[in-house]
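*Asks:* Here you go, one structure.
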Amino acid sequence: MQKLTIAIIVGITFFVGISLMSLYAHLGSFIVQAQPFNVRGLLVNLTDEHHNWKPSKSTNVTQTNGNLTISIITEKPKKIFNRAFLQTQLNTSNTALPILTLDYASKNFLYPPTKKPTFQIEIRDVNNTKILWSAILQDTSGKLLSEIFTLPSNVLNKPINFRIYIITEGGPSHSTVSLKNLYVYRFESSYEGGPIITDPNLKLETFFKGLKFPTSMAFLGPNDLLVLEKNNGTVQRIINGTLQPKPVLDVNVAIQSERGMEGIALTKNHSTGKTYVFLYFTETKSEDGEKGSFYRDLGNRLYRYELDGDKLVNPKLLLDLPSQPCCIHNGGKITIGPDNNVYTVIGDANGHHTKAQNFKNGKDPDGTSAIYRFTQDGKVVSPTLLGDKEPLNKYYAYGIRNSFGLDFDPVTGNLWDTENGAGAGDEINLVEPGFNSGWTMLQGIWNVNASHPNSLGKIESSNHDNLVDFDGRGKYSDPEFTWSFGGVGVTAVKFFNSTKFGKQYENDMFVGDYHRGYLYHFDLSKERDKLNLDGSLRDKVADNITELQKTIFGQGFGPITDIKVGPDGYLYVLTYQGTIYRLVPSL
C-alpha cells in the first residue's frame, strides 16, 4: 500500500477576470461544452503550452495538451506539502475586479481513516513569506467542479505564487488533481464608458459607486436603501446618494466562493409598527475570511432583524440550513410574497443527494435544493404543500440546483425564479406551488449526463417517472426559457411594476446575468404564465448569441447581482463591481 502526500502548489501572478466559457471534465478527461465568448478580456490561460509548471519535492507533474495533472503516492507518515508552481505577472487597472475561474477534477484514491487529504489553493507573495489569499477545494471524486473566486486587490500588479495543495497526514494515501484552462480575464462584460441601453428613450445614471462586492439591496424609502456586502458581512445604508459612516449591521460570514452575505428583504409590520429586515448569510464564529473558517461555519442562516434608527437589532433565527460541503450553491435571495409570507431559496449546497434532488432512493430532504415559504415568525404555512415533516413542511418547490433570483408577478401573484445550470441550461421558471425543477435528473430541457453532469444530455421526454413527486404532491414543468450554451450565470429577476417607462414596459420582466453583463427584457403572454417569445425563440431555447439579441435590453454592466424598482418608480441595477445604476427616461 502506498501513501500520498499532496501539496499541489502552482505559482502564478494574476488578477482580474471572469470566465466566459464553461468547461467540463472527468478526471484526466476534459470536455469543452459551451460556446466561448468574445474573449478580448482574456489575459492568459495558465495551463496552456506557454506556461510550464515546475514540481517541488516528489510531486509528479504531467502537462500535455493544456491538461495539467498532479499526483503523489507516498508512505511517509508525517505531514508533507509537495507542490508544483508557476511564477508570472499580469498587469491591469487597480479598479478592475479580480476574479479567478478554476475548473478541476480531484480524487482521493487511498488515505488513512484518521485523516482525509484536503485540497487547497493559495496565493503568496513572490518570496513565499505572506499568504495573500486562500480557499478550500473539494474531493470531486473525479468529476469536474467549476468555481469562481473573488480575489483581494493586493494580488494585482505584482509577482505572486499561486499554489494548489493536496495535504495528507499519515499514510498510505494516493490523491490526484487535473486542471485545464485556468483562465484569468479582464472584464469583457463591462465597458470603460459604462453600460448601454438599447432603447434611446431611456438612459442610465450612476446612482452610487464604491461598494465592496455587493449582492442584494432593498429600499427603506425614497433615496434610502440597504445594500449587502458579501465578503465583509455588512449591511450598508445609502441615503440621498451618500454612504452612511457605519453599517447598520456587521456579522461574521464565511466568504469562500459563493458564501457570504447573500440576501435581504424587508417589510413593515403594521400591527407592531416595526420594520422587519430579513437577512440570509453563511454565518461563522470567526472573523470574515479568517483562515480555517471553512471548517467553522455555522450554516446558511436566515434571520429576522428589526430596524432601530441606524442599527439592526433583535435577531431572530428563522432558518438554519446546510452549508457543507463548501462552498457553492447556497442560494440566498429573499422576497416577501403577496401573502406576506417569506420566500427564500437554497441550491444543492454542492452535491447533496436526497429526495429533494430527485434521488428516489435518497434520504429525506435535508433542507437543500428548495424554495422555502414560511411566516414572518418562521412558522409553517398551512396547509403544507409537499409533506408535514421538517423541513419539507416549509418547502414551496424543490429540485433546484442553484438560484440567484426570485420575484412575484404583481399582476397574477405567481412566483418566478432563475436557476443556474452546471455548464449550460440556465433557466427562467414559473414556480407554481409544489414545483419540481428537475435537478439532478434534468437541467433546462435536457437529461443530465450521469458520466459528465456538467454537460447536457439528450432532450428529456415527457415521461418523468424518474423524478420524485412526494406521493403526487410535487409536479415537474419545463422552464419558460433556457440557454443551451454556458457562460451565462443568470441572476436577478424583477417585474417592473411601474408606469414610469410607459405602458410598453409596465409589469414586464427584467433579468440580469453574471458572466456576460447583460440586462434582459421579456414581455409576458396574455395569461402571464409564459414569456412572449417569437421567431427562433418560440421553442423557449436560446441556442446562440444571435438568437438572444432580441431579449438583450442592456449590456456592459459587469456581473449583475440584483435588480429592484425604487419608490420613485425607476429601475435600479446592482453590480458586483460595486456600482448601482438607475434607469430613467432620457427626456
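Where a number appears in this text, it was derived from the coordinates with a stated rule and is not lab data. This is a predicted model, so every value here is computed, not measured. For neighbour counting, all protein chains shown are included, and Cβ atoms are generated from backbone atoms with ideal geometry for every residue, glycine included.
*Asks:* How do Ile552, Ile264, Ile164, Ile459 rank when sorted from fewest to most other Cβ atoms within 10 Å of their own Cβ?
*Replies:* Ile459, Ile552, Ile264, Ile164
*Asks:* Continuing with this model, one more query. Run the numbers for Asp523 and Lys379: contour at 0.36 nm per residue of separation, minus the present Cα-Cα distance, in nm. Intermediate values should be presented prior to the final figure.
*Replies:* On the way: separation 144, 0.36 × 144 = 51.84 nm, distance 3.55 nm.
Here the segment from Asp523 to Lys379 would lengthen by 48.3 nm.
*Asks:* Give the order of Glu262, Glu547, Glu527 when sorted by the count of other beta carbons within 10 angstrom, beginning with the fewest.
*Replies:* Glu527, Glu547, Glu262
*Asks:* Another question, if that's okay. Among the listed pairs Lys212/Lys494; Lys494/Lys540; Lys503/Lys530; Lys360/Lys526, give every one whose C-alpha distance is greater than 27 Å.
*Replies:* Exceeds cut-off: Lys360/Lys526.
*Asks:* Measuring from a point 7 Å past the Cα of Val313 along Cα-to-C-beta, which residues in segment 258-272 have an amide N at less than 17 Å?
*Replies:* Hits in segment 258-272 for Val313 at 17 Å: 269, 272.
*Asks:* Amide H of Tyr396 versus every other amide H placed in the peptide plane: which residues, excluding those fewer than 5 positions away on the same chain, fall under 5 Å?
*Replies:* Ile371, Tyr372, Arg373
*Asks:* In percent, how large is the relative contact order of segment 283-386, given Cα pairs closer than 8 Å and 6 or more residues apart?
*Replies:* On the way: 170 pairs, mean separation 18.9, N = 104.
That works out to 18 percent.
*Asks:* Among the trypsin sites (Lys or Arg not before Pro) within segment 339-425, which fall in a DSSP loop and have no more than 16 other Cβ atoms within 10 Å of their own Cβ?
*Replies:* Working: sites: Lys355, Lys360, Lys363, Arg373, Lys379, Lys389, Lys394, Arg401; in loops: Lys360, Lys379, Lys389, Arg401.
Listed in order of number, the matching sites are Lys360, Lys379, Lys389.
*Asks:* Given the Cα-Cα distance of Lys212 and Lys246 and 0.36 nm per residue of separation, how much length would full extension add, in nm? Intermediate values should be presented prior to the final figure.
*Replies:* Details: separation 34, 0.36 × 34 = 12.24 nm, distance 1.41 nm.
Value of the extension gain: 10.8 nm.
*Asks:* For a quick check of your reading of the filter: which GluC sites (Glu not before Pro) in segment 267-362 sit in a DSSP loop and have no more than 13 other Cβ atoms within 10 Å?
*Replies:* Here the sparse-neighbourhood loop sites are Glu287.
*Asks:* Here's a follow-up. Just in segment 303-395: which chymotrypsin sites (Phe, Trp or Tyr not before Pro) are loop by DSSP and have at most 16 other Cβ atoms within 10 Å? Spell out each step's value before the answer.
*Replies:* Working: sites: Tyr303, Tyr305, Tyr343, Phe359, Tyr372, Phe374, Tyr395; in loops: Phe359.
Answer by residue number: Phe359.
*Asks:* Can you tell me the relative contact order of segment 342-498? Whole percent, Cα pairs under 8 Å, sequence separation 6 or more. Could the numbers behind the result be given before it?
*Replies:* Values: 367 pairs, mean separation 35.8, N = 157.
Relative contact order of segment 342-498: 23 percent.
*Asks:* Moving on to the next point. Taking the Cβ of Asp469 as the center, what net charge do the other residues with Cβ under 15 Å away carry, scoring Lys and Arg +1 and Asp and Glu -1?
*Replies:* Within the 15 Å Cβ shell, the charges total 0.
*Asks:* Another question, if that's okay. Each residue of segment 270-286 in order: what ³J(HN,Hα) in whole Hz does its phi give by Karplus 6.51 cos²θ - 1.76 cosθ + 1.60, θ = phi - 60°, with x for Gly and Pro?
*Replies:* With coefficients 6.51, -1.76 and 1.60, one gets 6, 6, 9, x, 8, 8, 8, 10, 9, 10, 10, 7, 8, 8, 9, 6, 7 Hz.
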